[in-house]
Amino acid sequence: MGPEDKTGTEAMRCMVLDQPGARLREEQRALPACVGSSVLIRVHACGVCRTDLHLQDGDLPAASYPRVPGHQAVGEVVARGPDAVLPLGAWVGAAWLAGSCGHCGFCRSGRENLCDQATFHGCHVDGGYASHMLADSRYCIPLERTLAAAAATPLLCAGLIGWRTLRMAGDARSIGIYGFGSAAHLVTQLARHEGRRVLAFTTPGDTAAQDFARELGAAWAGGSDEAAPEPLDAALVFAPVGALVPKALRDIRKGGTVVCGGIHMSDIPSFPYASLWGERQVRSVANLTRQDGVDFMRAAAAARITARISCYPLPQANDALDDLRAGNVHGTAVLLCSDAATETQHRPGR
Ligand SMILES: [Zn+2]
Ligand SMILES: [Zn+2]
């Protein structure tokens, strides 16, 4: 153990998915060595995402198994490879993007999120359902020291996707948000901070989500089966329900955009061309760039965004996934991954 390493001789523990359809299994491993620009992160907390359910269900064609899930990890750099761009002790987030080729047309035009060679944490490489994880230091998101681990994890996926989705809506003043889960509750706070008007469309009859949306500053909240009470400038669709796309098109004004923020969506039913006429657009948002991470963290701090979380100890990751699948998680489920996690829930600046 030298100056580039403060891990000691401890082993790591992780939750492993051996194959699609399996339950996660706890495993002890030797700490991996850092090579090149990689760093070893002592994970304090890792968020649980709907995409992790897709990994468990075998819905991600690019995934390989066995795999440690997790792409919303927050922790401290405890060892570094010779070419790492982060110092020991750095407080960082490891999000979905684990790496990209760096030289294709997408990478060279600021769209590394679309790189065909991109790799993703908890999909191609092991993620944060673990006490430690390896990450390429060039793809880690530096975090403010004052950002508490568990509360910060939802920012790394739901928050970032919400951010990119909102940016695609341009300068729209009034925005409809369809599907009021993790991403929506963060993007609502951001949109309100930017002085926009938010209308929230939830699962019909979900009055708890509608109350929550109004609490966060939505001007109106109702069921996704209700017509918008006023014409909207843009619609953000987070629910994985394709039928919401033609519905959202009917709700927006001429020149407006429907932005789909989900990685999976059921088929979009056919709709009359008149719904698209008037220079309306439909587009999707895929993955995220490192610049998104930097920009969003700054915006989130300025808007004082707070995430609603439910915490589980790491070994109870299966319970967290089951609860998410059953719709029993309020806000984002978060795994507390190290002994330090409990203390860092209210991490003071240092
Ligand atoms: Zn995610
Ligand atoms: Zn590339």
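Against the criterion of being in contact with a helix residue (DSSP H, G or I) (Cβ under 8 Å, 6 or more places away or on another chain) and more than 14 Å from ligand 1 (Cβ to nearest atom), Cys123 does not qualify.
Tell me the residue from Ala130, Ala149, Ala135 that is surrounded by 22 or more Cβ atoms within 10 Å (Cβ to Cβ), in the same structural domain as Ala63 (by TED's automatic domain parsing) and over 27 Å from Asp59 (Cβ atoms), please. Unique residue meeting the criteria: Ala149.
This table checks each residue for (1) more than 16 Å from ligand 1 (Cβ to nearest atom); (2) assigned by TED's automatic domain parsing to the domain that holds Gly102; (3) among the polar types (S, T, N, Q).
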{"position": "Gly261", "(1), (2), (3)": "no, no, no"}
{"position": "His264", "(1), (2), (3)": "no, no, no"}
{"position": "Ile268", "(1), (2), (3)": "yes, no, no"}
{"position": "Gln291", "(1), (2), (3)": "yes, no, yes"}
{"position": "Val294", "(1), (2), (3)": "yes, no, no"}
{"position": "Ala299", "(1), (2), (3)": "yes, no, no"}
{"position": "Asp319", "(1), (2), (3)": "yes, yes, no"}
{"position": "Leu335", "(1), (2), (3)": "no, yes, no"}
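Of all the numbered requirements in (1) surrounded by fewer than 23 Cβ atoms within 10 Å (Cβ to Cβ); (2) within 16 Å of ligand 2 (Cβ to nearest atom); (3) of a type in the set (A, V, I, L, M, F, W, C), Leu86 misses one, and that requirement is (2). When we screen Cys104, Cys115 for residues that are in contact with a Ser or Thr (Cβ under 8 Å, 6 or more places away or on another chain), without any contact (Cβ under 8 Å) to a residue 40 or more places away in the chain, of a type outside the set (S, T, N, Q) and surrounded by 15 or more Cβ atoms within 10 Å (Cβ to Cβ), the only hit is Cys115.
Among residues of region 187-207 that are within 20 Å of Arg164 (Cβ to Cβ), none has a Cβ under 9 angstrom from a residue that is part of a strand (DSSP E or B) and at pLDDT below 95 at a sequence gap of 6+ or on a separate chain. In the set (1) over 29 Å from Asp206 (Cα atoms); (2) surrounded by 15 or more Cβ atoms within 10 Å (Cβ to Cβ), the condition left unmet by Ala320 is number (1). Once region 102-120 is narrowed to residues that are of a type in the set (S, T, N, Q) and either within 17 Å of the chain's Cα centre (by Cα) or part of a strand (DSSP E or B) (or both), the residue that is nearest to ligand 1 (Cβ to nearest atom) is Asn113.
Candidates are the residues of region 243-285 that are crowded, with 17+ Cβ neighbours inside 10 Å and part of a loop (DSSP other than H, G, I, E, B); the one that is modelled with the highest pLDDT is Arg280. Give the residue, chosen from Arg192, Arg173, Arg167, that is over 29 Å from Ala73 (Cα atoms) and surrounded by fewer than 24 Cβ atoms within 10 Å (Cβ to Cβ). None of the other options fit; the residue is Arg173.
Scanning region 298-309 for residues that are touching a helix residue (DSSP H, G or I) at 6+ places or on another chain (Cβ under 8 Å), closer than 14 Å to Ala148 by Cα and not charged (D, E, K, R) yields Ala300, Ile305, Thr306, Ala307, Ile309.
Taking residues in region 311-336 that are at positive phi, and partners anywhere that are surrounded by 17 or more Cβ atoms within 10 Å (Cβ to Cβ) and of a type in the set (Val, Ile, Thr), the pairs with Cβ atoms closer than 6 Å and at least 6 places apart or on different chains are Gly331/Ile309. Take the residues in region 204-218 that are farther than 18 Å from Thr332 by Cβ and not charged (D, E, K, R), then tell me which one is surrounded by the most Cβ atoms within 10 Å (Cβ to Cβ). Taking the candidates together, the pick is Ala218. Report whether or not Cys34 is more than 16 Å from ligand 1 (Cβ to nearest atom) and over 15 Å from Tyr129 (Cβ atoms). For Cys34, the condition - more than 16 Å from ligand 1 (Cβ to nearest atom) and over 15 Å from Tyr129 (Cβ atoms) - is met. Is there a residue in region 89-97 that is at pLDDT 95 or above, farther than 30 Å from Phe180 by Cβ and within 16 Å of ligand 2 (Cβ to nearest atom)? No, that holds for no residue.
The values are calculated or read from the model by the stated rules, or taken from the named source; none is laboratory data. All of these numbers come straight from a predicted model, not from anything done at the bench. Heads up, the Cβs are rebuilt from the backbone with ideal geometry, glycines too, and the neighbour counts pull from every protein chain shown.
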